[in-house]
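The next block holds one structure in the form of structure tokens; read it before the comments.
The values are calculated or read from the model by the stated rules, or taken from the named source; none is laboratory data. Everything quoted here is computed from the prediction, not taken from an experiment. For neighbour counting, all protein chains shown are included, and Cβ atoms are generated from backbone atoms with ideal geometry for every residue, glycine included. Just so you know, the surface numbers come from the protein's heavy atoms only, side chains and all, with ligands and any DNA or RNA stripped out. Shrake-Rupley method; radii C 1.70, N 1.55, O 1.52, S 1.80 Å.
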Amino acid sequence: MSVRWAVEPAEPRTPEAAALLRLYLAEMISRYYRRPTDDTQIDRYLADGHDSDDLAPPTGLLLIARRRGEAVGCIGVRRLDADTVELTRMFVHADARGAGGAAALLRSAEAAAHKVHARGIRLTTRNDLVEARALYAKHGYSPIPPYGDDPLADHWFEKRLAE
């Protein structure tokens, strides 16, 4: 039986979106440092300017994925320049992985990029996010030279969009 996914825009500061973004940060911090994290560390990270406030119009968009009505994933789309958007904050709750949620989020993010007439989508990821790199490659994202100033980025990808 296939799982139906619904993907919809959300304001990053709503309780539901903020909870998903905290789960995303908890996983990213824990995987990077190879140890559990806590609310204090997540709060510190957010206070240092790593919030998701730019994922709201006019600078970006946050999309929430629902499975059986429950919010279990998210992805952010932010404008880099007139022709390019960047994917960020890709997350699917561990209990919901492997059921097509990440693909649904990518499709919705690409549709959002088309709506703003982007010609390309870029993203960065880390060495430890092996599954993410495989997902992006499977969906047509190709390695590109480094861009931006993210000190945690190890890999850079881009997908050119059909006009």
Do we have any residue at all in the stretch 58-65 that's over 14 Å from E11 (Cβ atoms) and out of contact with any Pro (no Cβ under 9 Å at 6 or more places or on another chain)?
-> yes
Strands (runs of 3 or more DSSP E) contained entirely in the stretch 1-113, each with at least 1 residues that are closer than 22 Å to K159 by Cβ and among the polar types (S, T, N, Q) = 84-92
Options G98, G69; residue that is farther than 25 Å from V130 by Cα and at pLDDT below 95 = G69
For the stretch 116-126, what are the residues that are within 22 Å of P58 (Cβ to Cβ), basic (K, R) and part of a loop (DSSP other than H, G, I, E, B)?
-> R119
Might you check whether a residue that is hydroxyl-bearing (S, T, Y), closer than 26 Å to V72 by Cβ and either part of a loop (DSSP other than H, G, I, E, B) or open to solvent by less than 50 Å² (accessible area, probe 1.4 Å) (or both) occurs anywhere in the stretch 127-142?
-> yes
Flagged pairs (Cβ under 8 angstrom, 6 or more apart or on separate chains; first in the stretch 136-157, within 16 Å of M28 (Cβ to Cβ); second open to solvent by 70 Å² or more (accessible area, probe 1.4 Å)) are L152/Y32; A153/P146; D154/N127; H155/N127; H155/P143
Which of the residues belonging to the stretch 1-58 are polar (S, T, N, Q) and within 23 Å of V130 (Cβ to Cβ)?
-> S30, T37
Please find, within the stretch 92-103, the residue that is nearest to E163 (Cα to Cα) out of those that are among the hydrophobic types (A, V, I, L, M, F, W, C) and open to solvent by 10 Å² or more (accessible area, probe 1.4 Å).
-> A103
